[in-house]
1. Exactly one condition in (1) under 29 Å from residue 326 (Cα atoms); (2) of a type in the set (Ser, Thr, Tyr); (3) modelled with pLDDT of 90 or more is not met by residue 397; state its number.
2. Collect the residues in segment 407-427 that are assigned to a helix (DSSP H, G or I) and in contact (Cβ under 8 Å) with a residue 40 or more places away in the chain, keeping them in residue-number order.
3. Report yes if residue 487 is part of a loop (DSSP other than H, G, I, E, B) and either touching a strand residue (DSSP E or B) at 6+ places or on another chain (Cβ under 9 Å) or of a type outside the set (S, T, N, Q) (or both), otherwise no.
4. When only residues in segment 443-466 that are assigned to a helix (DSSP H, G or I) and open to solvent by 10 Å² or more (accessible area, probe 1.4 Å) count, which is farthest from residue 363 (Cα to Cα)?
5. Name every residue in segment 467-498 that is hydroxyl-bearing (Ser, Thr, Tyr) and either within 30 Å of residue 150 (Cβ to Cβ) or crowded, with 22+ Cβ neighbours inside 10 Å (or both), in order of residue number.
6. Which of the residues belonging to segment 472-514 are over 24 Å from residue 152 (Cβ atoms) and either free of Cβ contacts under 8 Å to residues at least 12 places away in the same chain or charged (D, E, K, R) (or both)?
7. Please find, within segment 363-395, the residue that is nearest to the chain's Cα centre (by Cα) out of those that are more than 15 Å from residue 427 (Cβ to Cβ) and assigned to a helix (DSSP H, G or I).
8. Name the one entry in 206, 224 that is β-branched (Val, Ile, Thr) and under 18 Å from residue 536 (Cα atoms).
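The values are calculated or read from the model by the stated rules, or taken from the named source; none is laboratory data. What you see is a predicted model; the values in this text were computed from it and never measured. Because the Cβ atoms are built from the backbone with ideal geometry, glycine has one as well, and the counts that use them run over all protein chains shown. Surface areas here come from the heavy atoms of the whole protein model, side chains and all, with no ligands, DNA or RNA. Shrake-Rupley method; radii C 1.70, N 1.55, O 1.52, S 1.80 Å.
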Amino acid sequence: LPNLKSLADVRMYVADTIFAGDVPALIRKSGGRRALSNETGGAGSSGGESAADGANVSRVGAGGGEGVLGELGANGRASTLEAGQQEDGTWVDPLGVHAVNEDEAGAVLRPTPASDLRLPGRKITIVTTAALPWMTGTSVNPLLRAAHLVCKGYDVTLMLPWLPPAEQDLLFPKGLRFERPAQQEAYAEWWLLNRANLEVPTLKIVWFEAQYEKMLGCIIQKSVDLASLLPPEERDVVILEEPEHINWYHHGAQWTSNFAHVVGVAHTNYLQYARFNNEGAVPGTVKEKWTQAMNNIVCAAHTDVVVKLSGTLQDVPGHNLVCNVHGVRSEFLAIGAEKAKNPKFEQSAYFLGKALWTKGYRELLDLLLAARADRALSLPKINTFGSGPDAEVIRKTIKERELQVEMHDGIDHAHPSMHDYAVFFNPSTSDVLCTATAEALAMGKKVVIPDHVSNVFFKQFANTYSYSTDAEAIPMLLEALATPPLPMTPMEQYALSWEAATERLLDAAALPSGTKRPKERPLHQLAYWAHYSMGVQPAFDVFRSVTGATPVIPWKQRLRPPLLGAGNFTRALSRNGRSQQRALTLRTLSKRLRRGAGAGGGAGSGAEMKADEHALSIRRGDKSAAGLVKPPRLKLSKLIRGISPQGHTRAEGHLLDELTSDGTAQNGTSITSGVPLTTTTTDATTD
């Protein structure tokens, strides 16, 4: 114990000891903070009085009934539960990885070697679907995860999507555009150093080509096999941030065949997005079922274990569990530590979130409107912070209902102007795991949230107030405003940190010893091949179009009829055209030139030799000799304008002018007869 210098060291020691099977389950699953009856002093008792009572009032059930406090139940009375046992009779292992039945209370997780991320020398690859400066969860959290794994000594590679500069303007803040991936990589390093206080020079970043799909509202990879992008010696453990999103349009190698262990971290409730998306002819309920089926298929095909941030996300085939593997940046914890030294909160309550009805604004306004009918309640003033497409409509609704809500534009949660707010009121239930709630707790504030599956993780903290019904929301908000927040304990601070989140990830990624990998199961292999078959053209483009993505080959191009042999001409003049097609086109031209020379009577033999030389040089692959180093681009209109009196089309003349390497016939004169090509359009048909 004297060698353990930090909480992270203690956490690692406990985890290692538990994996060795020497320690039984000691930590009971927290039941969350509950309002206490007047018999125990009430939840509204002053902080000083609660502390004097040995924290048996304010911290009952908040720190979760852990350690010494575990002897007290949620009602303040001594609990008869054994260590590790919950009120419903189930048990929880000390790492919070999974619940077990009573007959398995002594079970200890012994991971398979491939899934044991604590073994020395493991190489970890993290693949995500977004990158800074787009401030979204799938850009910030994977970057922080990679940085903290590097700090723990892991060899980490972070794979990020590279958007063309034109598409960056759709997502990045105004004025931020990167011409090369190296510039964007430098920005990510700057952000880590200045916003997260992390310097990780050994972090390797690999970029892959991607595109932004407006209809889907997300980034997807282009035609690149992500699973095979790294060299074989680098493929050990891969963490797929949003495994369903990454693999929707991944029809390449199987991740579980290329990597020893594949961990998926599910961030987003795509089923909810699909359910409320009623645009187009397909109703949202059908889109939800389709999305659920696709998520099941790709997760079964490509992952060993899926870690869900909360229970709001769907179960997928194979191994999946609920564990919060995200933390908050150190700057939020630093603000909370400073507030604990000087606990002055001059502001009251606030809400922070993107200005969308689905992000909690509708619930907020409805709760305030319903509470106004109770004349015994004095409604508090609430400030909201957030920008978004619904901002003006929300502002208008507030004015019409005459609510005490003042709207502000979006702001960084760590901004100094946010430090003095005492209570964060977040009635939203649409988030998988609300980052703003975690940040508010880290800053030393109270949070008032609904008793919802997405908020289970936050119930363990003393400053969490959880209401079960809408009628309880505003009274509980007033109760929270009545007293200042309690300083966080060191363990509460640690639970919110990225150090603890990283430890939870290492625990959650482990599979029990003797477990078969999903790729060894027939149904999972069937899922892979079923999804792989969707990537065969033209089925792939049909699949992409139906699901809202841009097809690889535009349908206008795919359905264009082969008029006038235009396909041969365009392929002959394309850089990427096949040599045989170019040779075929030149042979056809050569025959026509001979006929034209005979009709014009003149320098036929010389023209024939020149055309043959060009055709031969094309067959040999000598592009420079053929004058095709920069192939000309012909419009279809030039191919259909008619035929010259000598029997060749103006398109032939145009093509041969481009092919001429000695400078002759650059004035629109036919190289076969010396007669200028006609400029009149005829109704004749060219074969």
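1. Tallying (1) under 29 Å from residue 326 (Cα atoms); (2) of a type in the set (Ser, Thr, Tyr); (3) modelled with pLDDT of 90 or more, residue 397 fails exactly one: (1).
2. Filtering segment 407-427 down to residues assigned to a helix (DSSP H, G or I) leaves 416-418.
Within segment 407-427, just 418 meets the criteria.
3. Yes: the conditions hold for residue 487.
4. Top of the filtered list is 460.
5. Looking only at segment 467-498, we keep the residues that are hydroxyl-bearing (Ser, Thr, Tyr), and these are 467-469, 483, 489, 494, 497.
If the condition is that a residue be hydroxyl-bearing (Ser, Thr, Tyr) and either within 30 Å of residue 150 (Cβ to Cβ) or crowded, with 22+ Cβ neighbours inside 10 Å (or both), then 489, 494, 497 are the ones that fit.
6. Answer for segment 472-514, where residues must be over 24 Å from residue 152 (Cβ atoms) and either free of Cβ contacts under 8 Å to residues at least 12 places away in the same chain or charged (D, E, K, R) (or both): 472, 479.
7. Going through the qualifying residues, I end up with 391.
8. Result: 224 is the single residue among 206, 224 that is β-branched (Val, Ile, Thr) and under 18 Å from residue 536 (Cα atoms).
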